[in-house]
Amino acid sequence: MRRFNKIYVNGKFVAPHGTQIIDLVNPANNTVIGKVNLADAVDTRDAIAAAKEAFKTFSQTSKEQRMECLQRLHDAVSKRVDSLARATTLEYGAPLEWAKLSNARAANTFQDFMEVLRTFDLSEVIGSTRVYKEPVGVVGIITPWNSSAGSIAVKAAPAIAAGCTVVIKPSEMSAMQTDILMRAVHEAGLPPGVVNILTGLGEVVGPALTDSPDVAMISFTGSTQIGRLIAKGATDTMKRVSLELGGKSANIILDDADFATAIPMAIAACYLNNGQACIAGSRLFVPEDRLEEVKQLAKSAVEKIKAGDPNDTGVTMGPLVSQRQYNRVQGYIQSGIDEGAEVVIGGVGHPQGLERGNFVKPTVFANVKPEMKISREEIFGPVLSILTYRTEAEAVELANDTEYGLMAYVSSSNPERAGRVARQLQAGRVLINTLRHDPLAPFGGFKQSGIGREGGIYGLNEFLEPKAIILA
């Protein structure tokens, strides 16, 4: 059993001041695989102080110096992609192939922002005024367990590119991945205090970051509920906040789509990362007169899914991250049944032979009504709700009938029509006939799905303050 009893502060691995210890659990069999020593508020203050001191000099570095830092981070993380993938699989059950892809993308994020910075103008003339874009300051980064390295990279890379220093609080449920990333950061050899990493509870480290007057910005990925608390807390010190929050993404299949392709793609969009993804297309809107066809195609696609040990070859769905999350998703499935939705495939309970872990039957509901709980709330598990529409206008109206607005999907054989529908959807990103990710495109949400954007130039601008200098 491994012990994770170090944090990374001011360029050194140190024992935390915090004394609380929690278990690290493998969700595939619910066995304890590690013990995690948690950082506390004292550790957080030490990390903030180190970042504040480092900011004095790092904020004055050149673009070329910061690009070199990003390149070294890319190289150090790239060397550890396989280790990160294995840790990702052990800690929260991601299928191994997905874990490799996800962590390779995280490593590449540092290089992506190096290239963004290369052509980015940090000063420009507006009218007769010179405008400089300066680093915002010390940034508190708070990330979730479902994409640990990726969430850290897409925040830390632009922060470093801008000249900021960071205090990172990954999920305590990602201690193994965090340990690997700390070693990568150390190997990259950035100036002490530029990157500090703490493993601690959100309710302990989070407020210490949010309340500190020495932290200029909080960048958070997680639930809308916690995002609201961070936004409220940040007002006392007038912090900038960037919040990537929950989703209940709509997927509209127009009547001219290739259903044989679109429906399996819709299943993949919903079940991404075992359904534990804020971008999951968990509401599927289909023409009313094609419902029976859709049900058969969806059932056939789900039957091809192989659930099991995420380390095994061919497994495409692993367990949910914890027993608590398993119980939560079971509650949603039962609520769908209780409210009268039709179970096309799946249902409550474990898949046969997978009773030891937090495995959920991949589930599809049909005849779902917009007011049902499974249609309105983020489930964070492999549960798809199929709703029907009669007209294109009704499809758009139903899709927008949600408090969220992170992602949306449209399928159609007519690009012009698909684009027209996409423009009407209240979502920060819309994918047409694809599940492709573009790391340079802005990512973030409308409405209760967040504030601000990640990725590319939009992501870099989040960490910069414009200063106008006007001469007589």
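The values are calculated or read from the model by the stated rules, or taken from the named source; none is laboratory data. On a predicted model such as this, the values are computed, not experimentally measured, just so you know. Glycine also receives a Cβ, built like all others from the backbone with ideal geometry; neighbour counts cover every protein chain displayed.
When Ala408, Ala393, Ala427, Ala418 are screened for being outside any loop (DSSP other than H, G, I, E, B), among the hydrophobic types (A, V, I, L, M, F, W, C), over 30 Å from Ala307 (Cα atoms) and in contact with a strand residue (DSSP E or B) (Cβ under 6 Å, 6 or more places away or on another chain), only Ala418 passes.
Among the candidates Val154, Val116, the residue that is assigned by TED's automatic domain parsing to the domain that holds Pro213, farther than 20 Å from Asn196 by Cβ and not in a loop (DSSP other than H, G, I, E, B) is uniquely Val116.
Of all positions in segment 263-282, none carries a residue that is closer than 18 Å to Phe365 by Cβ, of a type in the set (A, V, I, L, M, F, W, C), in contact with a strand residue (DSSP E or B) (Cβ under 8 Å, 6 or more places away or on another chain) and in a strand (DSSP E or B). Screening Ile226 on (1) among the β-branched types (Val, Ile, Thr); (2) surrounded by fewer than 22 Cβ atoms within 10 Å (Cβ to Cβ); (3) over 26 Å from Ile333 (Cβ atoms) shows it passes everything except condition (3). List every residue pair whose Cβ atoms lie under 8 Å apart, where the two residues are 6 or more positions apart in sequence or sit on different chains, the first residue falls within segment 67-85 and is over 14 Å from Asn108 (Cβ atoms), and the second residue, located anywhere, is part of a helix (DSSP H, G or I) and among the β-branched types (Val, Ile, Thr). Going by the 8 Å Cβ cut-off, the qualifying pairs are Cys69/Ile160; Ser83/Ile180.
Looking across Arg72, Arg86, Arg105, Arg45, one residue alone is modelled with pLDDT of 95 or more and either crowded, with 23+ Cβ neighbours inside 10 Å or closer than 17 Å to Met176 by Cβ (or both). It is Arg86. Being in a helix (DSSP H, G or I) and over 19 Å from Ile305 (Cα atoms) is the filter here; which residues of segment 331-383 pass it? Those that are in a helix (DSSP H, G or I) and over 19 Å from Ile305 (Cα atoms): Gly331, Tyr332, Gln334, Ser335, Gly336, Ile337, Asp338, Lys373, Ile374, Ser375, Arg376. Whether a residue is free of Cβ contacts under 8 Å to residues at least 40 places away in the same chain and touching a helix residue (DSSP H, G or I) at 6+ places or on another chain (Cβ under 8 Å) was assessed, and Pro370 passes this test.
When you check Thr210 against the structure, is it among the hydroxyl-bearing types (Ser, Thr, Tyr), over 21 Å from the mean Cα position of the chain (by Cα) and either assigned by TED's automatic domain parsing to the domain that holds Thr402 or assigned to a helix (DSSP H, G or I) (or both), yes or no? Against the criterion (among the hydroxyl-bearing types (Ser, Thr, Tyr), over 21 Å from the mean Cα position of the chain (by Cα) and either assigned by TED's automatic domain parsing to the domain that holds Thr402 or assigned to a helix (DSSP H, G or I) (or both)), Thr210 does not qualify. In segment 48-62, of all residues being among the small types (Gly, Ala, Ser) and not in a loop (DSSP other than H, G, I, E, B), the one that is surrounded by the most Cβ atoms within 10 Å (Cβ to Cβ) corresponds to Ala51. Go through segment 111-134 and give me each residue that's within 24 Å of the chain's Cα centre (by Cα) and closer than 23 Å to Ala54 by Cα. Scanning segment 111-134 gives Gln111, Phe113, Met114, Leu117. Within 30 Å of Val32 (Cα to Cα) and of a type outside the set (Lys, Arg): is that true of Ala153 in this structure? Spelling it out, Ala153 is indeed within 30 Å of Val32 (Cα to Cα) and of a type outside the set (Lys, Arg). Counting the residues of segment 8-42 that are within 20 Å of Cys164 (Cβ to Cβ) and crowded, with 20+ Cβ neighbours inside 10 Å gives 2.
Against the list (1) within 27 Å of Ile432 (Cα to Cα); (2) among the polar types (S, T, N, Q); (3) surrounded by fewer than 15 Cβ atoms within 10 Å (Cβ to Cβ), the condition Gln334 fails is (1).
Number of residues in segment 1-44 that are in contact (Cβ under 8 Å) with a residue 12 or more places away in the chain and outside any loop (DSSP other than H, G, I, E, B) equals 25.
When segment 360-371 is limited to residues that are closer than 18 Å to Ala280 by Cα and not polar (S, T, N, Q), the one that is surrounded by the fewest Cβ atoms within 10 Å (Cβ to Cβ) turns out to be Pro370.
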